[in-house]
Structure formats: structure tokens, C-alpha cells
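Enquirer: Below is a structure I'd like to ask you about.
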Amino acid sequence: MTDASLRSSPLALTVLSLLHYQPLHPYGMQRLIKEWGKDQVVNVNQRASIYRTIERLLTAGLVEVQGTGRDQQYAERTIYAVTEAGRRVAREWLLEMLGAPKQEFPQFPVALSFALMLTPEEARTVLEQRAAALTRALERLDALLAGETGGAGDGLSRVVMLETEYQRTMAAAELRWLTSVVEDLAAGRLAWSWEELTALAGPGEALDG
């Protein structure tokens, strides 16, 4: 019996998608995610998260235990396969994630909303640091797309690199915006003071210093 109320997640979709190719044990899933460069878009730093996701999918009837496997280096491992219900749900999740923008809450916009707690000089410094990090990220993404690093981009067709294209486009757009903000901070076109913010809050709404 499948659990229709099971919520989608990036990792759950990734696990179901990998099992479309072949039955796998959790370590094999983590290895493929990293080999295919999918760890750039889904967090698998802790293998425990994969095990928890598999347990959810197993309980919901979206995956099943196919058997166990053993190799020379590792102990016996449980091998999982996707069920027909899992194939159907994976397709539903994929269509939903691709077709319907979702309200997400990344940390950078939250920090930006409170940037006024810094001085303009502090904001400029930290945003310059972020811009430098984005520049390095763009260089890495460009290398992946050009197939120059020996990584996930080598010899692969465009469709399996779409997420990298997207990441590159988003990073480039953010860098352009950051550059304009830093320039405005440097020129004094974007400036504020704690006194001005306190006055703006008005009587009875004063900000604590």
C-alpha cells in the first residue's frame, strides 16, 4: 500500500530517479550522486539522510527490498528497487517541481533583509567577499560545462547538464546584481545610519541599539 500523503523532497526524488536505472544500496546511491555531480544540487554530505529517506520511501511503498549484496571491501548491504508506485510518484513529483514555482526560503535573502544592522562599509566588505566566491563558482561551472575538468560535464549531452546551466545562469545574475550594489555602496549612493533607521521607526517603535 502506498502513502499518497508522502511529501516530495529533492533527495527523495533523487533516490527514486537513481533506482529507475538499477537497484542500488545506499552507498551506491551516494557514490552515483557524487560521480554524476548531483551533489551540487542535493545535499548528501551525511549518508544518514539517504537512509532516512529510503525508510520513508519504503514505508510508503515507493521502494522495496530486492535483496542483499556483498563485495570484497564492505559488509552485506541491503539493495533497494523502485516499485511501480514509486515510478508513478517520481513522475508526479518531477512534473510538479518543474512546472510549479515553489516559495523557498534560502538564507541569503533573509540576511539581506537585515543588512541594515551593518554599517554600509561592513555590508560592502561582506558582499565583496560573496562576489569573489561567486566568481570562483562561475569559473568552476564554466569548466564543468566545457568538459575541461574531468568531472560530471565530460562528454555528456546537454540534458544531463541542465541543472549546471541553471546554476551558472543564476550565479551570473546574482554576481551582476551584487556588483551593482557594491558599486552603489562604494559611491555612497546606497547609505544609511542607525540614527536614521531609529528615526524612521517612529515613536513607540524605536529599534533597540
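The values are calculated or read from the model by the stated rules, or taken from the named source; none is laboratory data. These numbers were taken from a predicted model, which means no experiment stands behind them. When we count neighbours, we look across all protein chains shown, and the Cβ atoms used for this are built from the backbone with ideal geometry, even at glycine. Please note that ligands, DNA and RNA were not included when accessible areas were found on the heavy atoms of the full protein model with its side chains. Shrake-Rupley method; radii C 1.70, N 1.55, O 1.52, S 1.80 Å.
Enquirer: How many of the residues in segment 18-53 are loosely packed, with under 15 Cβ neighbours inside 10 Å and either more than 24 Å from ASP142 (Cα to Cα) or of a type in the set (Ser, Thr, Tyr) (or both)?
Expert: Residues in segment 18-53 being loosely packed, with under 15 Cβ neighbours inside 10 Å and either more than 24 Å from ASP142 (Cα to Cα) or of a type in the set (Ser, Thr, Tyr) (or both): 9 in total.
Enquirer: What pairs come out if I take residues in segment 183-194 that are on the phi < 0 side of the Ramachandran plot and pair them with residues that are assigned to a helix (DSSP H, G or I) and open to solvent by 60 Å² or more (accessible area, probe 1.4 Å) whose C-beta lies under 6 Å away, six or more apart or interchain?
Expert: Hits for this filter: LEU185/ARG124; TRP192/LEU116.
Enquirer: On to the next question. For segment 61-69, indicate whether the set of residues that are part of a loop (DSSP other than H, G, I, E, B), in contact with a strand residue (DSSP E or B) (Cβ under 9 Å, 6 or more places away or on another chain) and open to solvent by less than 50 Å² (accessible area, probe 1.4 Å) is non-empty.
Expert: Yes, segment 61-69 has at least one match.
Enquirer: Is there any pair linking a residue in segment 128-155 that is small (Gly, Ala, Ser) and open to solvent by less than 40 Å² (accessible area, probe 1.4 Å) to one that is assigned to a loop (DSSP other than H, G, I, E, B) and modelled with pLDDT of 50 or more, with Cβ under 7 Å and at least six apart or on different chains, and which?
Expert: From residues that are small (Gly, Ala, Ser) and open to solvent by less than 40 Å² (accessible area, probe 1.4 Å), the pairs are GLY151/GLY37; ALA152/TRP36; ALA152/GLY37; GLY153/GLY147.
Enquirer: In addition: Return the residues of segment 93-120 that are free of Cβ contacts under 8 Å to residues at least 12 places away in the same chain, in a helix (DSSP H, G or I) and open to solvent by 100 Å² or more (accessible area, probe 1.4 Å); say none if nothing qualifies.
Expert: Passing the criteria: LEU95, LEU98, GLN107, MET117.
Enquirer: Can you tell me which of (1) farther than 30 Å from ARG31 by Cβ; (2) at pLDDT 90 or above; (3) open to solvent by 60 Å² or more (accessible area, probe 1.4 Å); (4) part of a helix (DSSP H, G or I) is the one ARG189 doesn't meet?
Expert: (4)
Enquirer: Moving on. Identify all residues within segment 1-60 that are touching a residue at least 60 places away in the same chain (Cβ under 8 Å), part of a helix (DSSP H, G or I) and small (Gly, Ala, Ser); write none if there are none.
Expert: Matches in segment 1-60: ALA12, SER17.
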